[in-house]
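Q: Dropping a structure here in structure tokens format, bear with me for questions.
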Amino acid sequence: MDFSFTEEQTMLRDSVRRFVSEAYDFEGYRKIAASEAGYSPDIWQQLGELQWQALPFSEADGGHGYGPVELLLLMEEMGRGLCIEPYLPNVVLAGQLITILGNESQKNSFLPGLFDGSQQYSLAHAELGGRYDPAYCEAKAVANDDGYTLNGQKSMVLNGPNADAFIVLARSTGETENQNGLSLFIVPKNTDGLSIKGYPILGGGVACELTLSNVQIPADALLGSEGQAFEALESVIDLATVASCAEAYGAMQAMLEKTVEYLKTRKQFGVPLAGMQILQHRMVDMYIEVQQSQSMILMAMLRFSEGNRAEQKQAASACKAYLHKASKFVAQQAVQLHGGIGVTEELDIGHYFRRLTAFGTLFGDRSYHLRRFTELGKTTSESSKDEMTEAA
Amino acid sequence: MQLEFSAEEKAFQQEVRTWLAENTPDWSDWMGATREQLMNWEQTLAKKHWLAVGWPKEFGGPGWSVTQRYIWDEECARVGAPGISVFGAVMCGPVLMAFGTPEQQAEHLPHIANGTRLWCQGYSEPGAGSDLASLKTKAERVGDEYIVNGQKIWTTAAHKADWIFCLVRTGSEGRPQEGISFLLIDMKSPGIEVRPIHSIDGEHHLNEVFFKDVHVPVTNLVGEEGKGWTIAKFLLGHERTGVAGVPGCKGQIARLKAQAEASKTLKDDASIQTRLAELEVDLMALEFTNLRALEVAASGKPPGPESSGLKIKGTELQQALAELEVEMGGYASLPWQSDPIAEPAYANATGNYNIGRASTIYGGSNEIQKNVLAKFALGL
């Protein structure tokens, strides 16, 4: 057992922290957040030059060969610095699916553009009817002589308005909530029959509703095997879940530090607020939640580095269930302890607050993940019973 | 960064598992055990050098790594093995290693490591609870002896103990903390009287200890006279990493899940299932916080203020689990100090819940821990 980071990992974290603090001061962030694109094309390009986008991909695929530990460290620092570049939708959601499911020709066509920052891709999987269930899919894929025809409606496609191509989840066979029969297709944005309705989302960034009306795509747009997409999709969403948790953990640290600093200087009744015991204890409660969240991130790093899929699923749901509650607490208390200034646009605290609120919903909230955690526990104990029976 | 066990660690895990299967007694609560039961168990562990598990080899401990320590705790919790009396191996031992004279180490450490002497802790007094530094039990130096007069309270297991380590007042100059000394006292000394306090679980764990002209050789002073507060702080840090009680919580949650699963009504009770999941998730966070603290301890650094957070979260979780168990039991939780009739699974539920309320009070109340964190972790 060993919980220490390597020198290389520490250096990576430090350099991300430095870059984000220089490139993303609060005024800069506000301009970027208010822009139509919802990110900074300049900074995104710089990230490409620094090869951040290539970080968590194998060297065989042209990446750096880093793993979940480095990915989560990077996300944490982006969260701390309120960096809203579309890293998660591009690198974690779309990029990981291409690297897991893509054939050589697909990887060669799509990954280099992602790595150098010139191309962007968005995963279009969610539908409002299914809430957070990744298996829920009404959108249909029908095979024909020229490939496939896609029909359906996708929601909350993260960074969709900036995407050059979409990775669309559609059902080849099976009922709406069946894990079998799901397929993924790479669909360029200018394909006939695609309609994109973009909007900004809470806490920074943009998303879109994506309507597919008789979208005809060639057979080689299929990513992976037909009808077999669920496992890869679920594993990538689990990774995105813990990556977004790491981002939230970074934001929580920043909110705690800013709150402590503010209360040391803000005076009422002639004394600094930081001297009042009821406020000290509140900040200690925030500190403890940040500590516990750090432990959950550590747990997730370890499980995603070396655990099996059953452990990773449980780790992702436990991590999100915990971080959703903890981040809400830290964010709400940071606003409360700042007083009136905490509910204004003028101060970064309110912006962190919105970012963390959006985090709570992404990829499933606490209720959803607690339920999933319970169900996974039952499946695990059933299968270990089966193993014991078999062994006997 | 790595979680998986090496081949050696897996072999060690198997060794522990086999040994526990052969040696675990049929009772599990060290506080409820008789002196004889407790000493038998401690001596069984000691023969294997597995009693003072946190100690280095030179003092009679096993010199385990963090991982070995983790494996040991996990395996003990898995079979519900009893704990040990913490006052000797977990508390007094490390103090003597850090502050004791070679003579004190030679006199006491072997007895602790061998399980031949039980200890208790004389800290709180009727007028000195959270404000521990206001303690009044006086030790007056007369020649080669201290004459001790005063009273300690909430002294767990004093009625079973051979020795007590005490904070006593040896001076009244300066800040209250400056006149405090750390003294080892033989419980058989004339002038000591132990009176029971019955707690709300209906049991006798706690005591008052009275000192009337008790003669203590000055060689029983640990560290310098007037420097006892430093030792007390050192010790509180040590107490806290253990006080999170992670392995015990793990065992309990596994038991509660099994009990819920076995009950026709609880099995499909969404509220119970949600609360079990919430507590299990909280426990995962606590477990990794505890592991981080253990790793700091193994590196030789003293526990930081983070251990106060462990104490707070650990005791809150223990209480939440106890509370849930009482509710899960329903009517089966109500029979009081009698043989359980309907549901033996819940026989100890209310007792555990009642005495468990003490956990957020002892070892420095959780409110005091928050003061510590405010000062040392947040610089307030």
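The values are calculated or read from the model by the stated rules, or taken from the named source; none is laboratory data. It should be emphasised that the depicted structure is a prediction, and the values quoted were computed from it without experimental measurement. With ideal geometry, Cβ positions are generated from the backbone for all residues, glycine too; neighbour counts draw on all protein chains shown.
Q: Give the residue, chosen from B:Glu261, B:Glu280, that is surrounded by fewer than 19 Cβ atoms within 10 Å (Cβ to Cβ) and either under 30 Å from A:Ala318 (Cα atoms) or within 14 Å of chain A (Cβ to nearest Cβ) (or both).
A: Numbers: B:Glu280 fails: surrounded by fewer than 19 Cβ atoms within 10 Å (Cβ to Cβ).
The match here is B:Glu261.
Q: Of the numbered conditions (1) over 28 Å from B:Val90 (Cα atoms); (2) touching a residue at least 12 places away in the same chain (Cβ under 8 Å); (3) within 11 Å of another protein chain (Cβ to nearest Cβ), B:Gly329 satisfies every one except a single condition; which is it?
A: All conditions pass for B:Gly329, except number (3).
Q: Every residue in the stretch A:114-154 that is surrounded by fewer than 18 Cβ atoms within 10 Å (Cβ to Cβ) and either assigned to a strand (DSSP E or B) or on the phi > 0 side of the Ramachandran plot (or both), please.
A: Result: A:Arg131, A:Lys140, A:Val142, A:Ala143, A:Asn144, A:Gly147, A:Asn151, A:Gln153.
Q: Of the residues A:Tyr29, A:Tyr24, A:Tyr39, which single one is modelled with pLDDT under 95 and within 19 Å of A:Gly79 (Cβ to Cβ)?
A: Working: A:Tyr29 fails: modelled with pLDDT under 95; A:Tyr39 fails: modelled with pLDDT under 95.
Answer to the selection: A:Tyr24.
Q: Collect the residues in the stretch B:41-67 that are within 19 Å of the chain's Cα centre (by Cα) and under 16 Å from B:Gly88 (Cα atoms), keeping them in residue-number order. Step through it out loud before you land on a result.
A: Residues of the stretch B:41-67 that are within 19 Å of the chain's Cα centre (by Cα), as a first pass: B:41-43, B:45-46, B:50-55, B:61, B:66.
Correct list: B:Trp41, B:Glu42, B:Gln43, B:Leu45, B:Ala46, B:Trp50, B:Leu51, B:Ala52, B:Val53, B:Gly54, B:Trp55, B:Gly61.
Q: Give me the residue from the stretch B:1-49 that is of a type in the set (S, T, N, Q) and within 14 Å of chain A (Cβ to nearest Cβ) and, out of that set, surrounded by the fewest Cβ atoms within 10 Å (Cβ to Cβ). Spell out the reasoning first.
A: Step one: of the stretch B:1-49, the residues of a type in the set (S, T, N, Q) are B:2, B:6, B:13-14, B:18, B:23-24, B:28, B:34, B:37, B:40, B:43-44.
With within 14 Å of chain A (Cβ to nearest Cβ) added as a condition, the list becomes B:2, B:6, B:13.
Working: B:Gln2: 13, B:Ser6: 11, B:Gln13: 18.
Out of the qualifying residues, it is B:Ser6.
Q: Checking B:Trp41 against (1) assigned to a helix (DSSP H, G or I); (2) within 23 Å of B:Pro110 (Cα to Cα); (3) without any contact (Cβ under 8 Å) to a residue 24 or more places away in the chain: exactly one of these is not met. Which one?
A: (3)
Q: Any residue in the stretch A:11-18 that is farther than 18 Å from A:Ala246 by Cα, away from chain B (no Cβ under 14 Å) and buried (at least 18 other Cβ atoms within 10 Å of the Cβ)? Lay out the reasoning, then the answer.
A: As a first pass, look at the stretch A:11-18 and keep what is farther than 18 Å from A:Ala246 by Cα: none.
There is no residue in the stretch A:11-18 that is farther than 18 Å from A:Ala246 by Cα, away from chain B (no Cβ under 14 Å) and buried (at least 18 other Cβ atoms within 10 Å of the Cβ).
Condition check ((1) buried (at least 17 other Cβ atoms within 10 Å of the Cβ); (2) modelled with pLDDT under 95; (3) within 10 Å of chain A (Cβ to nearest Cβ)) across all residues:
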residue: B:Glu287; (1), (2), (3): yes, yes, yes
residue: B:Gly309; (1), (2), (3): yes, yes, yes
residue: B:Ser333; (1), (2), (3): yes, yes, no
residue: B:Pro344; (1), (2), (3): no, yes, no
residue: B:Ile355; (1), (2), (3): yes, yes, no
residue: B:Ser359; (1), (2), (3): yes, yes, no
residue: B:Leu380; (1), (2), (3): yes, yes, yes
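Q: If we scan the stretch A:265-272, do we find a residue that is more than 9 Å from chain B (Cβ to nearest Cβ), surrounded by fewer than 21 Cβ atoms within 10 Å (Cβ to Cβ) and part of a helix (DSSP H, G or I)?
A: yes
Q: Here's something else I'd like to know. Quick check on B:Lys212: is it of a type in the set (Lys, Arg) and in a helix (DSSP H, G or I)? Walk me through how you get there before you give the answer.
A: Details: of a type in the set (Lys, Arg): yes; in a helix (DSSP H, G or I): no.
No, not satisfied.
Q: In addition: Taking the condition under 26 Å from the mean Cα position of the chain (by Cα), facing chain A (nearest Cβ under 7 Å) and assigned to a helix (DSSP H, G or I), does B:Ala293 pass?
A: Details: under 26 Å from the mean Cα position of the chain (by Cα): yes; facing chain A (nearest Cβ under 7 Å): no; assigned to a helix (DSSP H, G or I): yes.
Answer is no for this residue.
Q: Now for a separate question. Suppose we keep only residues that are in contact (Cβ under 8 Å) with a residue 40 or more places away in the chain and of a type in the set (Val, Ile, Thr) within the stretch B:361-378. Which one would you say is farthest from the other protein chains (Cβ to nearest Cβ)?
A: Checking each candidate, the answer is B:Ile368.
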